[in-house]
Every structure is written in C-alpha cells, then in structure tokens.
Amino acid sequence: MKAPLQELLWAVSLGGLLLPTLNAGGEILFYPLARAFGSPPESELARCRTAFQGLQSHLSTSRVLVEPVFFIDGHKRGWRPDLAAEICQEARPRTAATLLVSATKPDVGPATLGHNQLRYLWHRAADYSGWVKAAHPAADYVCCAEIWGHDGNVAAIHVYFFDPSGQVAYCRLFNSHHFGDNLPLAGADAVRLIVKSFLEDLQRDPKTRFPPYGVG
C-alpha cells in the first residue's frame, strides 16, 4: 500500500533536486502529479490551512468529540468506542481541551482502502465531512480515526479533525513508512502514535501539514 505514496515522494524529491529553491512556480509544476496521486485541489488545501490555524489557536479551549475508532483486523471490522476512550485518556494530560467520547458512531459508507492511501485519505475525509455537516455535533471539533491491520500488526492509520461545518482542520495518514512493519494491532501503541503525532503537528506551520498545491 505504500508504493504509490513512495512514488509520489520520489517524484517530489526529484523535483527538489531539479529545483533547489522550490517556489510557487515549482509547486505548480508538480501540482498535476500531486492531483493524480489523490491530493485535493489547492482551493481545498487553502481552506484546510485556515482551519488548521484555527485548531492550533483554539484547541485548548475547545470541546472535542472523539468518535469510535474504525478498526479493521483482516476481514473483521467495526467501531471501537474503547479506542476513542484511550485517545482521550492519552491526550488529556497534554491538552486543556475538553475531550468527550461520542455515544454514536459516524454514519458513513463502507470503506475500501486499496493501494493508493493518499487518495483514500481524502475520499474518506469527504465521507466524514458530509456526515459532520448533516449531524451538527455539539462540539467545536470532531475527531475521527481509523486503524487498519492484519496478521496482528497495524498496516495503516488515518486521523481527521473537522470543525462543525465539516471542514477538514487536520488529516494525516500513517503506514509502515512511519512506524515500521511491527506495530502491534493489540494494545495502545497505535493510539499513542495518533496522539503524539497530532500534538507535535500542532506546533508546525500549516503549510507543512497541507503543502501548497499538495507538493511538500
């Protein structure tokens, strides 16, 4: 599953060699490639950057509804409120945000990960976004997460934060490129990775999380 993402990273790295100072022109040059691999249009990325800035500024005073985690173990799949509770437990000592486990699960369609994880990340973001818009949750942000695994190990993780309008304020994918081939599916290691990475990302420039034209 990481091959398409690695190909995109390779192509962008090559562009970095060809364009030592990657300015707006260089980003636009690779924009069609990023779009082909599943990155959203720059107009959406710009909205994401603005929403991410809001999340950075206001998380500590926000009410965050953490949805049951979509958990896939081989052919078995379901929604895990216990993992949502673990996310809250792991994050509470590190943020002043009010974290609450949702009593319901997201009403979204079936999911098929396929081989292009980047495209899946954004297609799935649209699914969750539509649900948030319709559900009108009583929260400042809604957190959705997915943990995909097989043979006892984690294969992929997806994390999303949405504002009440359904706008993506944060999203990120993880695979073995980030955590290796032996992250156990059982236990709390995946949850720790989700929380640690999210809180670290909050300290970064929005253009790092949502690169202009999807190139970065």
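Derivation of every value follows stated rules applied to the coordinates shown; laboratory data play no part. Because the structure is a prediction, the values reported are computed rather than measured. In this analysis, Cβ positions are derived from the backbone assuming ideal geometry, glycine residues included, and neighbour counts consider all displayed protein chains.
When Y170 is tested against the conditions (1) in contact with a strand residue (DSSP E or B) (Cβ under 6 Å, 6 or more places away or on another chain); (2) at positive phi; (3) not small (G, A, S), the lone failure is (2).
For residues that are part of a loop (DSSP other than H, G, I, E, B) and not aliphatic (A, V, I, L, M), scanning just the stretch 207-216, find the one that is nearest to the chain's Cα centre (by Cα). Per the stated criteria, the residue is F210.
Within the stretch 163-214, being among the small types (G, A, S), surrounded by fewer than 18 Cβ atoms within 10 Å (Cβ to Cβ) and either touching a residue at least 24 places away in the same chain (Cβ under 8 Å) or within 21 Å of A85 (Cα to Cα) (or both) holds for S165, S176, A186, G187, A188, S197. For R47, state whether it is closer than 26 Å to P164 by Cβ, free of Cβ contacts under 8 Å to residues at least 40 places away in the same chain and assigned to a helix (DSSP H, G or I). So R47 fails the test. Scanning the stretch 62-89 for residues that are over 18 Å from the mean Cα position of the chain (by Cα), touching a residue at least 40 places away in the same chain (Cβ under 8 Å) and either assigned to a helix (DSSP H, G or I) or surrounded by fewer than 19 Cβ atoms within 10 Å (Cβ to Cβ) (or both) yields R63, D73, G74. Within the stretch 126-162, the residues that satisfy the criterion of being in contact (Cβ under 8 Å) with a residue 60 or more places away in the chain and under 10 Å from the mean Cα position of the chain (by Cα) are C143, C144, A145, E146, F161. Would a scan of the stretch 107-127 turn up a residue that is crowded, with 17+ Cβ neighbours inside 10 Å and within 20 Å of Q56 (Cα to Cα)? Checked the stretch 107-127: at least one residue is crowded, with 17+ Cβ neighbours inside 10 Å and within 20 Å of Q56 (Cα to Cα). When V108 is tested against (1) within 26 Å of A46 (Cα to Cα); (2) in a helix (DSSP H, G or I); (3) in contact (Cβ under 8 Å) with a residue 12 or more places away in the chain, exactly one condition is not met: (2). The stretch 118-206 holds strands (runs of 3 or more DSSP E) entirely within its bounds, and those carrying 2 or more residues that are over 23 Å from G216 (Cα atoms) and not small (G, A, S) map to 141-150, 153-162.
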